[in-house]
Amino acid sequence: MSIYPKIRLWLNDRYDVATVEQFVDSQIHKPLPKETGFWHTFGSLSLFLFVNQIVTGVLLMIYYRPTTNTAFESVRYIMTKAHFGWLIRGLHAWGATLMILCVLIHMARTFFMGAYKKPRELTWVLGVAIFGCTVTFGFTGYLLPWNQLSYWATTVGTEITGAIPWAGQYLKTLLRGGEGVSGETLARFYVLHVVILPWALTGLIATHLFLMRVQGLATMVRFGEEKPIEKGHGVPFFPHHVLKEGVIFCLLIGALVTLIVLLPVELGEKADPFVTPEGIKPEWYFLSTYQLLKYFPKTIGLFVSLIPQVLLLLWPFIDRSPERNPHRRLWALGIGVVALVAALVFGLLGYISETTITWRGEKYELDVYAKPHKVCPAENGNAH
Ligand code: HEM
């Protein structure tokens, strides 16, 4: 026999259970617009991955020790000795990459479907803040294993703040906790990563979801002409949309486990402030900005790289046409596609820059701008 009636009776003697039940019922059975489909699952996927980051992050904290003498060793312990430590670290590291990917796809979906338009401007602005917090999560987390790559990528990354006019040097020292990247930086990044960002992101996501639930999902109808979806119309949230999300969750978990097993997260060598390794690159989601910065003097580059971010934040207030249907917003669609292609091209250039490739039997060295320089056979021989 179900135990729920007894619990309900007990609670009902003390609280207004019926009101809570009514609220939960109305939320579960809320109808969604008929356009709701596969692309609408990326918000929930991002949420699922955020929960994954919190759970695995808390588990990692049991063994992780954030000092320059212990950080690297504690991660090595997690990877080699702690039970399922490799799996937990893999879920956390690959989960971060997939979360950023899902957030980006979700952002592109709401952009192309015009969901940011009135009355959902704030949902979008909060989304941009969420995106900023998510990549900062990635940036601060990257330093924590205290290996060569993470140490030098953080050195390069924090150096950029120094280019901000007037306040740059102060901000750089504030971020690093001194002149260079040191134990002070590790402590600051750790506090940001495990306390400040998780709480900030929890608050932002909760408000984002609250607004989304109160206003409902956008339809393809021009703003001002939207009508509430009547009962019996649209797609029921439960079980239809929830089941679709369940299928996508299973695929995501499959992808996550496959990545962890086939491409295990490496640890590399312990950070050495006196040895600069070659080919220091940031994580993939910073590659396009990193490459863009190379084509300009420092301060100008910083401003140029800020332009897309400011445009992103203010976009709902710039694009004020009432149309949502992508077929009737061709110029907005064009801007979105150009921005995506530019990010991909700069990202790719950043990825292949400062590497050596072989093409049609010839060896080429790619410089910082990814421009190829043929390696003549004599040099080729020396290289061996
Ligand atoms: C961890 C990050 C995020 C989570 C957990 C999240 C969650 C969600 C969920 C569950 C929905 C409803 C279903 C859907 O459209 O997928 C939604 C809607 C929305 N999100 Fe996000 N979101 C995140 C980040 C973002 C970002 C970065 C943006 C844009 C910059 C954004 C903008 C929007 C907008 C405009 C809507 C309304 C969509 C509509 O009415 O059709 N979100 N979000």
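The values are calculated or read from the model by the stated rules, or taken from the named source; none is laboratory data. Computed from a predicted structure; not experimentally measured. Every residue, glycine as well, gets a Cβ built from its backbone with ideal geometry; the counts of neighbours run over all protein chains shown. Remember, those area values only see protein heavy atoms, side chains included, never the ligands or the DNA or RNA. Shrake-Rupley method; radii C 1.70, N 1.55, O 1.52, S 1.80 Å.
For the range 11-29, the condition holds for no residue, the condition being that it is under 17 Å from the mean Cα position of the chain (by Cα), under 29 Å from Val235 (Cβ atoms) and either buried (at least 16 other Cβ atoms within 10 Å of the Cβ) or within 16 Å of the ligand (Cβ to nearest atom) (or both). The set of residues in the range 85-102 being touching a residue at least 60 places away in the same chain (Cβ under 8 Å), within 16 Å of the ligand (Cβ to nearest atom) and touching a Ser or Thr at 6+ places or on another chain (Cβ under 8 Å) consists of Gly95, Ile100, Cys102.
In the range 22-49, the residues that are hydroxyl-bearing (Ser, Thr, Tyr) reach residues that are part of a loop (DSSP other than H, G, I, E, B) with C-beta atoms within less than 7 angstrom, at least six apart or across chains, in these pairs: Thr36/Leu217. Here Gln169 fulfils each of the conditions (1) under 28 Å from Gly127 (Cβ atoms); (2) out of contact with any strand residue (DSSP E or B) (no Cβ under 7 Å at 6 or more places or on another chain) apart from (1).
Condition check: of a type in the set (Phe, Trp, Tyr), closer than 30 Å to Glu73 by Cβ and within 11 Å of the ligand (Cβ to nearest atom). Does Phe137 satisfy that? Against the criterion (of a type in the set (Phe, Trp, Tyr), closer than 30 Å to Glu73 by Cβ and within 11 Å of the ligand (Cβ to nearest atom)), Phe137 qualifies.
In the range 158-170, of all residues being assigned to a helix (DSSP H, G or I) and open to solvent by less than 20 Å² (accessible area, probe 1.4 Å), the one that is modelled with the lowest pLDDT corresponds to Gly168. Within the range 215-226, no residue that is under 11 Å from Lys118 (Cα atoms) sits with its Cβ atom under 6 Å from a residue that is open to solvent by 70 Å² or more (accessible area, probe 1.4 Å) and near the ligand (Cβ under 8 Å from one of its atoms) at 6+ positions apart or across chains. If you go through the range 39-57 and keep only what is open to solvent by 30 Å² or more (accessible area, probe 1.4 Å) and closer than 30 Å to Ile88 by Cβ, you end up with Ser44, Leu47, Phe48, Val51, Ile54, Val55.
Which of the residues that make up the range 57-82 are closer than 22 Å to Leu262 by Cβ and not hydroxyl-bearing (Ser, Thr, Tyr)? Those that are closer than 22 Å to Leu262 by Cβ and not hydroxyl-bearing (Ser, Thr, Tyr): Leu60, Val75, Arg76, Ile78, Met79, Ala82. If only residues of the range 213-228 that are under 18 Å from Phe23 (Cα atoms) and open to solvent by 60 Å² or more (accessible area, probe 1.4 Å) are counted, the one that is farthest from the chain's Cα centre (by Cα) is Pro228. The residues listed here are Val128, Val181; of these, the one that is of a type outside the set (Asp, Glu), within 17 Å of the chain's Cα centre (by Cα) and open to solvent by less than 50 Å² (accessible area, probe 1.4 Å) is Val128.
Out of all the residues in the range 76-91, is one or more open to solvent by 40 Å² or more (accessible area, probe 1.4 Å), under 21 Å from the mean Cα position of the chain (by Cα) and closer than 30 Å to Ser182 by Cα? Checked against the condition, which is being open to solvent by 40 Å² or more (accessible area, probe 1.4 Å), under 21 Å from the mean Cα position of the chain (by Cα) and closer than 30 Å to Ser182 by Cα, the range 76-91 yields at least one hit. Applying the condition of being near the ligand (Cβ under 8 Å from one of its atoms) and among the charged types (D, E, K, R) to the range 103-122 and asking which residue is surrounded by the fewest Cβ atoms within 10 Å (Cβ to Cβ) yields Arg109.
Filtered by the rule that a residue be over 24 Å from Ile352 (Cα atoms), open to solvent by 80 Å² or more (accessible area, probe 1.4 Å) and basic (Lys, Arg), the range 289-329 gives Arg320, Arg328.
Among the candidates Phe238, Phe210, which residue alone is in a helix (DSSP H, G or I), aromatic (Phe, Trp, Tyr) and free of Cβ contacts under 8 Å to residues at least 60 places away in the same chain? Working first, answer last.
On the way: Phe238 fails: free of Cβ contacts under 8 Å to residues at least 60 places away in the same chain.
Of the residues listed, the single one that is in a helix (DSSP H, G or I), aromatic (Phe, Trp, Tyr) and free of Cβ contacts under 8 Å to residues at least 60 places away in the same chain is Phe210.
Whenever a residue of the range 267-289 is over 23 Å from Pro66 (Cα atoms) and among the hydrophobic types (A, V, I, L, M, F, W, C), its partners that are in a loop (DSSP other than H, G, I, E, B) and modelled with pLDDT under 95, lying with C-beta atoms within less than 9 angstrom and at least six residues away or across chains, give the pairs Leu287/Lys281. In this structure, Val191 qualifies as under 30 Å from Val75 (Cα atoms) and surrounded by fewer than 17 Cβ atoms within 10 Å (Cβ to Cβ). Among the residues of the range 330-378, which ones are within 30 Å of Leu217 (Cα to Cα) and surrounded by 13 or more Cβ atoms within 10 Å (Cβ to Cβ)? Ala332, Leu333, Ile335, Gly336, Ala339, Leu340, Ala342, Ala343 - these are the residues of the range 330-378 that are within 30 Å of Leu217 (Cα to Cα) and surrounded by 13 or more Cβ atoms within 10 Å (Cβ to Cβ).
Would you say Ile280 is open to solvent by less than 60 Å² (accessible area, probe 1.4 Å) and either of a type outside the set (Asp, Glu) or within 16 Å of the ligand (Cβ to nearest atom) (or both)? Steps first, answer last, please.
Working: open to solvent by less than 60 Å² (accessible area, probe 1.4 Å): yes; either of a type outside the set (Asp, Glu) or within 16 Å of the ligand (Cβ to nearest atom) (or both): yes.
Taking the combined requirement at face value, the residue satisfies it.
Scanning the range 213-262 for residues that are of a type in the set (Val, Ile, Thr) and farther than 18 Å from Phe38 by Cβ turns up Val214, Val221, Ile229, Val257, Thr258, Ile260, Val261.
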